[in-house]
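Taking it in order: structure first as structure tokens, then the write-up.
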Amino acid sequence: MFKSLGAKRLPSPMRRQSQVVPVVAKVLENTVILEDKVKAEADQDAFDFNSYMGAKAKAVNAALDKAVPMQYPEKIHESMRYSLLAGGKRVRPALCIASCELVGGSMETAMPAACAMEMIHTMSLIHDDLPAMDNDDFRRGQPTNHKKYGEDVAILAGDALLSFAFEHIARATKGVPADRVLRVIADLGTAVGGEGLVAGQIVDLDSEGKGNSIGLETLEYIHRHKTAALLEVSVVAGAVLGGATEDEIAKLRKYAQCIGLGFQVIDDILDVTKTTEELGKTAGKDIDQAKATYPSLVGLPKAREIARDLIQTAIDQLSSFDSHKAAPLVALALYIENRQN
């Protein structure tokens, strides 16, 4: 009778169990993923980024002040200190310290390298502002170094900061095996030389006046070398000094490469959306010098999308680390995405 009515045979208990198990397993898997996501978001919400950055900046500023004291000849040291201690967010030192602490190191271990990153960053700003380079009159809301001390002194101040950065790592880093210190020094040399910052700078200079004809590939090369290289070595140096494994270093390198390029994409966006007063430096310089930027090549909405994707990819590299220890690096990535100057 049931057969004639089209009734189907009920599955056996064993068959029902075989159907249910995969479903339950999938639900459990999704539950674990959701719980991990909620935990990561909770850790991030509990992390006080402003307090963290304020504390790190205070420690870095004190270390920089001690590392570069006023001494004879006063003129050059005054010029070095003028730009080095002019404030700033200390993003590169914070990245160096955070990556070192993430893999089990300490702020004290990373501090000489963190200071070196800021010395080299300051050198790059002093030289970048020169009339022969970007020809800027203001930096961080103050007259640029060459405007205050003259081009000759500004060039020498940058040179002195660059050379001292390597010396400072070598002399001041304590309790770290020599091979790690040597690796950091070598990596830093690559990051700021003809394969890094200088490479980006020369291609940038050659691109002035050519507008969008240089294309996206060349623009990315400029940004990855002129800006991202120093951010990358800041993160990697902290990881190396802290004793990270090669797998951890690779993940942190990828994180740094993404935030480094993202940083400059955001910089391109800010150059066309903010005022000189808001930026603390001359706005609209790229347009005035007919330089290609991400907004000029792909449009403002697409540039913002590229920046978001880069920052998300960076954050994804931290998923295998302890979420509490990774919180500073996650917050720094989000800060770079949302910064206003």
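The values are calculated or read from the model by the stated rules, or taken from the named source; none is laboratory data. Just so you know, these numbers come straight off a predicted model, no measurement behind them. Quick reminder, even Gly has a Cβ in these numbers, built from the backbone with ideal geometry, and neighbours come from all protein chains shown. Heads up: the accessible areas ignore ligands, DNA and RNA and are worked out on the full protein's heavy atoms, side chains in. Shrake-Rupley method; radii C 1.70, N 1.55, O 1.52, S 1.80 Å.
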Query raised in the report: So what J values fall out for region 156-169 if you push phi through Karplus, 6.51 cos²θ - 1.76 cosθ + 1.60 with θ = phi - 60°, rounded to Hz, Gly and Pro as x?
Result: 5, 4, x, 4, 5, 5, 4, 5, 5, 4, 5, 4, 5, 4
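Quick check: convex hull over the Cα atoms of region 50-338, volume per residue in Å³, rounded to an integer? All intermediate terms of the calculation are to be shown ahead of the outcome.
On the way: hull volume 33.7 nm³, N = 289.
Normalising the Cα hull of region 50-338 by residue number yields 117 Å³.
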Query raised in the report: What is the mean projected area of the alpha carbon convex hull for region 112-178, to one decimal in square nanometres?
Result: 4.8
**Report entry** Positive minus negative residues near A154 (Lys, Arg vs Asp, Glu; Cβ under 14 Å)
**Finding:** -4
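Sorted by packing (mean other beta-carbon atoms within 10 Å per residue), highest first, where do 261-268, 126-133 land?
Values: 261-268: 23.6, 126-133: 18.5.
Put in order of decreasing packing, that is 261-268, 126-133.
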Query raised in the report: All other residues with a Cβ under 14 Å from the Cβ of K56 taken together, and with Lys, Arg as +1 and Asp, Glu as -1, what is their net charge?
Result: 0
**Report entry** 3J(HN,Hα) from dihedral phi, region 246-255, Karplus parametrisation 6.51/-1.76/1.60, rounded to Hz, x for glycine, proline
**Finding:** 5, 5, 5, 4, 4, 5, 5, 5, 4, 3
Query - Heavy-atom accessible area per residue - region 50-338, 1.4 Å, Å² - result: 42
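What's the carbon and sulfur percent of region 50-338's accessible surface, probe 1.4 angstrom, rounded to a whole number?
On the way: 6400 of 12180 Å².
Carbon with sulfur: 53 percent of the solvent-accessible area.
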Requested in this report: Just read off the accessible area of F166 with the full protein assembly in place, 1.4 Å probe, to the nearest 10 Å².
Outcome: 50
